[in-house]
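Visitor: Have a look at this one before I ask anything.
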Ligand SMILES: *Cc1c(COP(=O)(O)O)cnc(C)c1O
């Protein structure tokens, strides 16, 4: 147990150092890149460990698991009387069914995986009922792979415009995933497409100042994502997996 905790802190340290180096290479500030630690494969003990190590933005891709771990971490933070914050931010990063939106809104501070008009409407309706404004991001399929979730690039600007007309959602930016490949050029091309779309939407003034986040980059490709302008990285296995 002790060993695996030590290795989590070492792996986290390595990830943070790689991010800092990628920022340096690309003339960016580390303050402009947020690490969201994806906990879907981690034990509760491992999640507590990353929270103790200062990771207060956590991501889950399944509602059931989000519910379970968010509850346990909230309990942990309640008992803990140290310098830890009162709560952490949970990012919903996985495919979301409309009938689960209400549950997710109660637990998550940012839904990164909104990819249809109907889902966005469901978020707005439920946020209204709860008396909140929900932060969302538009998930875009930049790789063009048919099996991927996400709005196609060609339809993204229009959907972004529609989402900004909804009263109880705030569109914070774009989320995308690179194709599953070891070919770094293919990965980079996908991130470049994401950044260009992000810049197009900003240039059109859609969502005004709210629209400022570009979530891309996972364990295999986060350094490329930093170089291509990501402001949010979603990293799991590089921190939690045995290597
Ligand atoms: C699992 C997951 C991640 C993290 O993937 P790793 O390869 O473990 O870093 C990031 N984003 C989404 C949407 C995921 O489902």
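Every number here is computed from the coordinates shown, using simple stated rules; none is lab data. Bear in mind the structure is a predicted one, so any value in this text is a computation, not a measurement. Counting neighbours? That spans all protein chains shown, and the Cβs are built from the backbone with ideal geometry, glycine included.
Visitor: Within region 197-220, what residues put their amide N at less than 19 Å from the label point 7 Å along the Cα-to-Cβ vector of residue 181?
Guide: 197, 216-220
Visitor: So, one more: Please sort 118-127, 69-78 by packing, taking for each peptide the average over its residues of neighbouring beta carbons within 10 angstrom, highest first. Could the numbers behind the result be given before it?
Guide: Values: 118-127: 19.3, 69-78: 15.3.
Descending packing order for the listed peptides: 118-127, 69-78.
Visitor: Oh, and also: Would you please put 155-161, 230-236 in order of how densely packed they are, using the mean number of other Cβ atoms within 10 angstrom per residue and starting with the highest? Provide the component values of the computation, followed by the final result.
Guide: Numbers: 155-161: 17.4, 230-236: 24.6.
The packing order, highest mean first, is 230-236, 155-161.
Visitor: Further question on the same structure: Suppose R0 equals 51 Å; then what is the FRET efficiency for residue 97 and residue 14 from their Cβ-Cβ distance, rounded to the nearest 0.05?
Guide: 0.90
Visitor: Taking only the Cα atoms of region 1-133, how large is their convex hull per residue, in Å³? Mind dumping the intermediate values first?
Guide: Details: hull volume 17.7 nm³, N = 133.
It comes to 133 Å³ per residue, whole-number rounded.
Visitor: Return the calculated 222 nm mean residue ellipticity for the chain, to the nearest 500 deg cm²/dmol, obtained by summing -39500 (n - 2.57) across DSSP H runs with n ≥ 4 and dividing by the residue count.
Guide: Here the helix-only value at 222 nm equals -14500 deg cm²/dmol.
Visitor: A further question on this structure: So, in Å, what gap is there between the alpha-carbon centers of region 179-218 and region 36-71?
Guide: The distance from the Cα centre of region 179-218 to that of region 36-71 comes to 25 Å.
Visitor: Let me ask something additional. For the residue pair residue 87 and residue 161, what label-to-label distance in nm results when each label sits 7 Å from Cα along the Cα-to-beta-carbon direction?
Guide: Placing both labels 7 Å along Cα→Cβ, they lie 3.6 nm apart.
Visitor: Rounded, prolate or oblate: which fits the chain, taking a ≥ b ≥ c as square roots of the Cα gyration tensor eigenvalues, rounded meaning a/c under 1.5, else prolate when a/b beats b/c?
Guide: Numbers: a/c = 1.78, a/b = 1.16, b/c = 1.53.
Verdict is oblate for the chain.
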